[in-house]
Amino acid sequence: MIEIKQIQKIYTNGKHLTKAVGPVNMDIRQGEILGLVGESGSGKSTLGKMLIGLEAPTSGTINYRGKPLWEKKKYKRIRPGEIQSVFQDPQSSLDPRMRIKDIILEPLLGLPGSERKEKANPERLRKLIHRVGLKEEHLSRLPHEFSGGQRQRIAIARALVTEPTFLVLDEPTSALDVSIQAQILNLLKELQQERQLTYLFISHNMSVIRYMCERVAVMYKGDIVEIGITKEIFENPQHPYSKKLLSSVLSVNGRENRSYAEIL
Ligand code: ADP
């Protein structure tokens, strides 16, 4: 579904250049949850941002269903709302002055009139908020009235309202308590199955990656150093950096895994 070819991102701050990504080559297959794991600063978010249109690649191409997503630094989706995202901190991504209903419906503003009307249908909205575990009475409230987990449910409803096919989930549960994390991960997993969605799931947490993703790409200093079936990489990591990442997980494994096993 997505082909990432020789993608590079170099940030320039005055004379200072930072190579954040690449060159990276990677495919994302339709209907999969592809994990992207690596330590902070390895370039995961920058790669995600190039997929959703927030950062233009310095060079290289990204094809979405065979067509380039970027042309001359301009982002071209096949249709608005086809690609959506959920970020780590719903606190900062939800406008504090907007009511939940308007927050959830806002992505529809980019759609053609007739489609917007159809997707903003009250019955459809009601079903969507119930599906993500919210209530109708929540629609008239403001973001500060919600817990972190509920705010992430709002962010998920907002991402789904356009009926996307591909979502970039950037550390979607990293700011949440472990028990709430598990609920949101399960919701995301169920939604992916029900709606045949494709996810790029960004996380620094190997346990979360193992729970969510069939395949995983390991990112280190802007490069994908290893990509493959999650189970195989966990059992037999090839790259020294993957080995290092895994050994640090294994040293806290007992505790972390038990808490996940109890909850999930
Ligand atoms: P990760 O998501 O893995 O933590 P990022 O993609 O956020 O990594 O960052 C990759 C590198 O790019 C880091 O060195 C970071 O400091 C740098 N970087 C990210 N965003 C910017 C920016 N807007 N301007 C300059 N440098 C940036």
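The values are calculated or read from the model by the stated rules, or taken from the named source; none is laboratory data. Here the structure is a predicted model, which is why all the values come from computation and not from measurement. Note that we place each Cβ from the backbone using ideal geometry, even for glycine, and neighbour counts take in every protein chain shown.
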Item to check | Cross-chain or 6+ apart pairs with Cβ under 8 Å, the range 62-81 first and under 16 Å from Leu111 (Cα atoms) and in contact (Cβ under 8 Å) with a residue 24 or more places away in the chain, then in a strand (DSSP E or B) and of a type in the set (Val, Ile, Thr) | outcome: Arg77/Ile83
Item to check | Cβ pairs under 7 Å, 6+ apart, first in the range 213-240 and within 22 Å of Pro57 (Cα to Cα), second surrounded by fewer than 14 Cβ atoms within 10 Å (Cβ to Cβ) and not β-branched (Val, Ile, Thr) | outcome: Glu226/Gln238
Next on the checklist: Against the condition more than 24 Å from Pro172 (Cβ to Cβ) and within 8 Å of the ligand (Cβ to nearest atom), how does Asn13 come out, does it pass?
Outcome noted: yes
Checklist entry - Can you list the strands (runs of 3 or more DSSP E) found entirely within the range 144-229 that contain at least 3 residues being within 26 Å of Pro80 (Cβ to Cβ) and not aromatic (Phe, Trp, Tyr)? => result 166-170, 198-203
Checklist entry - Among (1) in contact with a strand residue (DSSP E or B) (Cβ under 7 Å, 6 or more places away or on another chain); (2) modelled with pLDDT of 95 or more, where does Val161 come up short? => result (1)
Checklist entry - Taking into account only those residues within the range 152-197 that are acidic (Asp, Glu) and in contact (Cβ under 8 Å) with a residue 12 or more places away in the chain, which is nearest to Gln30 (Cα to Cα)? => result Glu163
Checklist entry - Quick one: how many residues across the range 18-49 are of a type outside the set (Val, Ile, Thr) and either near the ligand (Cβ under 6 Å from one of its atoms) or assigned to a loop (DSSP other than H, G, I, E, B) (or both)? => result 13
Next on the checklist: It is to be established whether one or more residues within the range 202-210 are among the hydrophobic types (A, V, I, L, M, F, W, C), touching a strand residue (DSSP E or B) at 6+ places or on another chain (Cβ under 6 Å) and within 16 Å of the ligand (Cβ to nearest atom).
Outcome noted: yes
Next on the checklist: Being touching a His at 6+ places or on another chain (Cβ under 7 Å), among the aliphatic types (A, V, I, L, M), more than 16 Å from the ligand (Cβ to nearest atom) and closer than 15 Å to Arg158 by Cα is the requirement here; does Ile100 meet it?
Outcome noted: yes
Checklist entry - Looking only at the range 60-96, which residues are within 16 Å of the ligand (Cβ to nearest atom) and outside any helix (DSSP H, G or I)? => result Gly60, Ile62, Lys73, Ser85, Val86, Phe87, Gln88, Asp89
Checklist entry - Could you count how many residues in the range 27-40 are surrounded by 14 or more Cβ atoms within 10 Å (Cβ to Cβ) and more than 26 Å from Glu194 (Cβ to Cβ)? => result 2
